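Working notes, beginning with the structure itself.
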Amino acid sequence: MREFGAFEAKNKPGHLVEHGEEIMITRHGKEVARLVPAHGTINREAAREAVRRIRERAETKKLGRFDWREWKSLRDEGRP
């Protein structure tokens, strides 16, 4: 992570962001802001691991298949 002083960040904003890296802005040596890429990278391995854990927990509950029609009818119950 690169570090810039607040004065430099204010006067030369074009030099801050180059390749989607994270930038730290400091004032008198103390962190005051952090610029991060607008679109973070997706860690596919972490996502797959999360899905595996969710499926594993669902299997231990033995709730059966998810029935959208049933849940929609429960949601809409009592609505005008």
**Request:** Output the residues belonging to the stretch 40-80 that are assigned to a helix (DSSP H, G or I), at pLDDT below 85 and surrounded by 10 or more Cβ atoms within 10 Å (Cβ to Cβ).
**Result:** 58
**Item:** Selection from the stretch 1-28 of residues that are of a type in the set (Val, Ile, Thr) and at pLDDT below 75
**Value:** 17
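The values are calculated or read from the model by the stated rules, or taken from the named source; none is laboratory data. Small disclaimer: the values here were computed from a predicted structure and weren't measured. Ideal geometry is used to build each Cβ from the backbone, glycine not excepted, and the neighbour counts take in all protein chains shown.
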